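*Asks:* Pasting a structure below so you can have a look.
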Amino acid sequence: MRDIKDISVLITGGGSGIGEGTARLFAARGARVTITGRRKDKIEAVAQSIGTACRAVVGDVTVNRDREAMLAAAVEHGGKLDVLVSNAANMYRQAIGEYTEDFLKEAFNTNVISGMMLSSMALPLLEKTQGAIIFLGSIHNRRAYPGASPYATTKAAVEGLTRVMAAELGRRQIRVCCVLPGAVSTEINLRAGLFTAEQSDARYASIAPDHALARIGTVTEIAEAIEYLVRAEWVTGVALEVDGGLGLGVSNF
Ligand SMILES: NC(=O)c1ccc[n+]([C@@H]2O[C@H](COP(=O)([O-])OP(=O)(O)OC[C@H]3O[C@@H](n4cnc5c(N)ncnc54)[C@H](OP(=O)(O)O)[C@@H]3O)[C@@H](O)[C@H]2O)c1
């Protein structure tokens, strides 16, 4: 297994949720972590609480000059780039029959194209370190939730992308993997303006029994899976379900 002490990791969307949990875990393991997000206060608060191992750089993954700045900041902070965790994404729900083109374009631009572009731009850096790219897919790739087709299709695209990227970049010793989390309580639905905090809590509670393990997950449990994929040097192209058994479709029929 690869030693992750002193590696340089860039995590998009590191100011909250799974990205924040991943930043905390990698910093605790001795990595140099650079986190990004659009809200300065969020990422700076996370970086400050982690300490000198973590640097915050404000940026929007949909903007090319911001992507350049994120990569440059990670190299400045960590001296190189070993790992890109392409985590930043938003929840996009819209009923079929009510689709609007701008909404769908924004969903794919943020959740898919930005990660493709950032990966493409990071290749020269990752080639030098025989590095890895980790994408965040979703259990929406295994379970169908009515109303969530825009989000689900972006996450399905990310899983397909993982396989082709892994095949295309393997000879350059760059590994590409994807984690498919089950339900983890974060602010993703709140940021999308879909639910109040109380409604969001109630939804997470109501989905707990759908998991074989009868509970939702934690950001640390997703971060630990990302750590495994970064360390496992003969693993590439996989979509790892880290979902408490939600994808099994457990039924008491
Ligand atoms: N929570 C779950 O149950 C779950 C399940 C399956 C998969 N996932 C996936 O896990 C990943 C993390 O989500 P999360 O649940 O941790 O949600 P979250 O707390 O809302 O984190 C997403 C982060 O992405 C950032 N972001 C969004 N758009 C961005 C942009 N254009 N540029 C830069 N940063 C941007 C947000 O910060 P700013 O708004 O400040 O930019 C936010 O900090 C996502 O890919 C999500 O699809 C989550």
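The values are calculated or read from the model by the stated rules, or taken from the named source; none is laboratory data. Quantities reported herein were computed from a predicted structural model and do not represent experimental measurements. Don't worry about glycine lacking a Cβ; one is built from the backbone with ideal geometry, like all the others, and counts go over all protein chains shown.
*Asks:* Consider T62 carefully, then state whether it is of a type in the set (S, T, N, Q) and farther than 20 Å from A148 by Cβ.
*Replies:* Yes; evaluated as a whole, the condition is true for this residue.
*Asks:* Assuming R171 fulfils every condition listed in (1) of a type in the set (K, R); (2) surrounded by fewer than 20 Cβ atoms within 10 Å (Cβ to Cβ); (3) touching a residue at least 40 places away in the same chain (Cβ under 8 Å) apart from one, which condition is it?
*Replies:* Exception for R171: condition (3).
*Asks:* How many residues are within 20 Å of A122 (Cβ to Cβ), of a type in the set (A, V, I, L, M, F, W, C), within 13 Å of the ligand (Cβ to nearest atom) and assigned to a helix (DSSP H, G or I) when one looks only at the stretch 1-60?
*Replies:* Final tally of qualifying residues: 3.
*Asks:* Identify all residues within the stretch 24-38 that are among the aliphatic types (A, V, I, L, M) and closer than 18 Å to R67 by Cβ; write none if there are none.
*Replies:* Within the stretch 24-38, V33, I35 qualify.
*Asks:* Return yes or no: is G247 in a loop (DSSP other than H, G, I, E, B), modelled with pLDDT of 95 or more, closer than 30 Å to E168 by Cβ and not hydrophobic (A, V, I, L, M, F, W, C)?
*Replies:* No: the conditions fail for G247.
*Asks:* Related question: Return yes or no: is T34 closer than 22 Å to G137 by Cβ and either modelled with pLDDT of 95 or more or of a type in the set (S, T, Y) (or both)?
*Replies:* no
*Asks:* Residue by residue through the stretch 191-217, note down the ones that are over 14 Å from G19 (Cβ atoms) and in contact (Cβ under 8 Å) with a residue 40 or more places away in the chain.
*Replies:* If the condition is that a residue be over 14 Å from G19 (Cβ atoms) and in contact (Cβ under 8 Å) with a residue 40 or more places away in the chain, then A192, L194, D210 are the ones that fit.
*Asks:* Just to be sure I understand the filter: pairs with C-beta atoms under 7 Å, separated by 6 or more residues or on different chains, first member in the stretch 61-73 and over 14 Å from V9 (Cα atoms) and free of Cβ contacts under 8 Å to residues at least 60 places away in the same chain, second member part of a loop (DSSP other than H, G, I, E, B) and aliphatic (A, V, I, L, M). Which pairs pass?
*Replies:* V61/A88; R67/V61
*Asks:* Can you name the residue in the stretch 188-203 that is under 25 Å from V85 (Cα atoms) and surrounded by 15 or more Cβ atoms within 10 Å (Cβ to Cβ) and is also modelled with the highest pLDDT among such residues?
*Replies:* Applying the filter and picking the extreme gives I188.
*Asks:* Return a yes/no flag: does the stretch 61-78 have any residue that is touching an Asp or Glu at 6+ places or on another chain (Cβ under 7 Å), more than 20 Å from A132 (Cβ to Cβ) and within 15 Å of the ligand (Cβ to nearest atom).
*Replies:* yes
*Asks:* Name, by its number, the condition in (1) under 19 Å from the mean Cα position of the chain (by Cα); (2) of a type in the set (D, E); (3) not in a loop (DSSP other than H, G, I, E, B) that does not hold for D102.
*Replies:* (1)
*Asks:* For the stretch 32-90, which residues satisfy the criterion of being of a type in the set (S, T, N, Q) and crowded, with 22+ Cβ neighbours inside 10 Å?
*Replies:* The answer is T34, T36, S86, N87.
*Asks:* Pairs, please: C-beta under 6 Å, at least 6 apart or cross-chain, first residue surrounded by 14 or more Cβ atoms within 10 Å (Cβ to Cβ) and in the stretch 93-115, second in a loop (DSSP other than H, G, I, E, B) and of a type outside the set (S, T, N, Q)?
*Replies:* Matching pairs, first to second residue: R93/G147; R93/A148; A107/Y92; N111/A89; S114/V61.
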